[in-house]
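Each value in this text was obtained by applying a stated rule to the coordinates, not by laboratory testing. All values derive from a computational prediction rather than experimental measurement. So basically every Cβ, Gly included, is an ideal-geometry build from the backbone, and we count neighbours across all protein chains shown.
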Amino acid sequence: MKTFTLAQKERRERILQSARDQLSRLGYEGLNMRDLAVEANVSTSTLYNLYQSKDTLILAALQDLLAGLNEAVVGTGVRGVDRCIANAEAIADQIVDTPRYAEAMAKMLFAGEQSDPIVRALLGTALEQQREMLNEMLESGEMDAGVDTEFIARSMTSTGWSAILLWMKGYVALHDFKREYVRNAMTTLLPWLLDNAEQRVRKLVI
């Protein structure tokens, strides 16, 4: 496993944050490797040595952001239904905080082919996390053992992206987005929950 020095970690963080900032300001077409190198305080050759293309850099910046969100949620120690709630809230908060970046990533996903890495990053990773959370719910007795978790994982993932699409097309205001996103997720999950878990989630959708 590759290890990084503190200076290398700081350089990597500067580069990835600069990439996200440029995407937020300028969109995919406006992201320029030379300008980004200046913004991140690295040479253009270093940038290309680390990330061979603009698409590779964009993907790395996205994966870094998603991993950070997941680590922050998992780091609180919540599991099962509570983790699912916290995960939905964290994603919604990120979109509200950086809407132009979120929109740029969504446009890349919608324009992507099945084999494109961004499809794996945004859909594949989301499905994996949903499966993990659903398995935690099964282990804790928050969900009946006979449910089709694969179907629920797909439903949770698709309902999240439906909310994002409605926001992008102007049918959900940004200031309403978090409540919309979380309620959609919990409404999808609600029919499958048992007892106390069902009661906790129901309060979020009323």
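Over segment 130-185, with a single point scatterer placed on each C-alpha, what log10 of the ratio I(q)/I(0) does the Debye formula yield at q = 0.20 1/Å?
Results for segment 130-185 at q = 0.20 Å⁻¹ read -0.73.
Report, ordered by chain and residue number, the lysines lying within cross-link reach of Lys169, taken as a straight Cα distance under 20 Å and ignoring same-chain residues fewer than 8 apart.
Within the straight-line cut-off, Lys169 pairs with Lys107, Lys178.
At q = 0.18 Å⁻¹, what is the base-10 log of I(q)/I(0) for the chain according to the Debye formula with one equal point scatterer per Cα and no solvent? Please give it to two decimals.
Values returned for q = 0.18 Å⁻¹ are -1.26.
Enter the angle in degrees (range 0 to 90, nearest 10) between the Cα long axis of helix 80-97 and the first principal axis of the Cα atoms of the chain, meaning the one along which they spread out most.
The angle comes out near 40 degrees.
Working from Cα positions, state the angle (0 to 90°, nearest 10) between the long axis of helix 195-205 and the longest principal axis of the chain.
60
What is the fewest-to-most order of Asp82, Asp93, Asp144 by other Cβ atoms lying within 10 Å of their Cβ? Mind dumping the intermediate values first?
Details: Asp82 20, Asp93 15, Asp144 11.
Ranked by crowding around the Cβ, least crowded first: Asp144, Asp93, Asp82.
With an 8 Å Cα cut-off and a minimum separation of 6 or more residues, compute the relative contact order for segment 52-182 in percent.
Numbers: 83 pairs, mean separation 38.7, N = 131.
Rounded, it is 30 percent for segment 52-182.
Order by neighbour count: Phe110, Phe177, fewest other Cβ atoms within 10 Å first, most last.
Details: Phe110 12, Phe177 20.
Ranking Phe110, Phe177 by Cβ neighbours within 10 Å, fewest first, gives Phe110, Phe177.
Mind ranking 46-58, 194-206 by how tightly packed they are, going by the mean number of other C-beta atoms within 10 angstrom, highest first? Walk me through the numbers on the way to the answer.
Values: 46-58: 15.9, 194-206: 13.4.
So the peptides 46-58, 194-206, ranked by packing, come out 46-58, 194-206.
If we restrict to alpha carbons, what Rg and Dmax does segment 37-105 come to, in Å?
Spelled out, the Cα radius of gyration and Dmax of segment 37-105 are 15.4, 46 Å.
Determine the calculated [θ] at 222 nm for the chain from helices alone, applying -39500 (n - 2.57) to every DSSP H run no shorter than 4 residues and normalising by the residue count; nearest 500 deg cm²/dmol.
On the way: 10 runs with 155 residues, N = 206.
Calculated mean residue ellipticity at 222 nm is -25000 deg cm²/dmol.
What is the angle, in °, between the Cα long axis of helix 174-189 and the longest principal axis of the Cα atoms in the chain? Nearest 10 is fine, range 0 to 90.
50
Could you check which residue among Arg183, Arg100, Arg11 shows the biggest mean-square fluctuation in a GNM of the chain with a 10 Å Cα cutoff?
Greatest mean-square fluctuation among the candidates belongs to Arg11.
Using a Gaussian network for the chain with springs between C-alpha atoms less than 10 Å apart, which of these wobbles most: Ser43, Ser115, Ser158?
Taking springs between Cα atoms under 10 Å, the residue moving most is Ser115.
Please list, or write none, the lysines whose alpha carbon is within less than 21 Å of the alpha carbon of Lys9, excluding same-chain residues fewer than 8 places away.
Lys54
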